[in-house]
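Structure, as structure tokens:
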Amino acid sequence: MNKIQMQGLFFSLLAIVVALTSMLLVPANPTISLVILAALIFFFGVPHGALDPVFAQKLLLLKSWQDWTKFVIVYLALSMLVVFIWWQLPLFFMGSFLLLSVMHFSRDLNDQVPRVTRVLYGGSMIFLPTIFHFEEMQNLFSLILDADAGLQIASFLHVLAWPWLVGILIGIYFQFNRGWLVGLEILAVALLSTLASPLVSFTLYFCGMHSSRHMMRTGAYSGLNFMKLGLVSLGPMLGVIFIALLAWFYLPELPNYERLLRLVFVGLAALTVPHMLLIDRVRYQQ
Ligand SMILES: CC1=C(/C=C/C(C)=C/C=C/C(C)=C/C=C/C=C(C)/C=C/C=C(C)/C=C/C2=C(C)CCCC2(C)C)C(C)(C)CCC1
Ligand SMILES: [Fe+2]
């Protein structure tokens, strides 16, 4: 079993345990839970994007400091454009963000898995929570956008959730026949997103699967060891802290829960666009 397979196995077992025990957990104070989840996302999820310079250097052939400056400006401009769209066209913003996320998450699985199964896997984090946690999902989307848009998005996801579940169960069945471990990974993500509360399931998936796997692949792609990858990510992580502090003060005066929720999800959406544009190219050139 190679390192990626071990990561997949470890994540799957943890996700299944969390999914099955999540019903027994007593609901905690929402603001404190959100602070803990946001910290986990920051320390274990965001660093996978902070490694984007590794890909940028190889793919865009960045050499001089002028090249790097241009890269940083374009990256920041794309992120700012996303924030502008959230502000002006909330429904369009969320629809596109969710669609891009499905495509982005589907790349956790390797190319040997049929595309339709990968897409079903990538969307499970987004569609399946509306089956048993509709109200919580509606509430979260309403806080990030507004009450109207929140209801529309959650209802749309809810309509597709059952067919999505049936589709993914069929995908899991076929995948188990091809290779049990990938089948187990898909099953774990499907169980986690259906049963656990949406923010817990997203955080565990994002840190334990999406981000961990991407960081391991980045190590293999670049040949850099853990220490060197840490050094590469330091600059972008400091950049993110700086931008997050600025954003916190510019966000309108809202209750802390709402403010933090917006910071996390609008922030992730803003970073997703340049991050995806870069990571997509890696796929095509490999
Ligand atoms: C390099 C660079 C940098 C940095 C960067 C970074 C650090 C990145 C990162 C990136 C990242 C980090 C990415 C991420 C992604 C993410 C995603 C893709 C997500 C998704 C999500 C979702 C889809 C969700 C959903 C939901 C909601 C919204 C609500 C509730 C429920 C749920 C959960 C379902 C800077 C800017 C400094 C500068 C320039 C250069
Ligand atoms: Fe990513």
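Want the number for TRP162 to LEU61: 0.36 nm per residue separation, take away the alpha-carbon distance, what's left?
That works out to 31.8 nm of additional length.
Taking the Cα centre of each part, how many Å lie between the stretch 1-56 and the stretch 219-286?
16 Å
On the principal axes of its Cα set, how long, how wide and how thick is the chain? Give whole Å, largest value first.
Sorted from largest, the Cα extents of the chain read 52, 50, 31 Å.
To make sure I understand the rule: partners must be aspartates and glutamates, Cα under 20 Å from the Cα of LYS228, and not fewer than 8 residues away in the same chain. Which ones qualify?
ASP52
Considering the stretch 57-176, what Rg and Dmax in Å follow from its alpha-carbon atoms?
18.1, 52
Quick check on the exposure proxy: order HIS158, HIS48 from fewest to most C-beta atoms within 10 angstrom.
Exposure proxy ranking, most exposed first: HIS158, HIS48.
Since every read-out is calculated from the coordinates, none of them should be taken as a lab result. Keep in mind that this is a model prediction, so the values were computed, not measured. Note: ideal-geometry Cβ built from the backbone for every residue, glycine included; neighbour counts use all protein chains shown.
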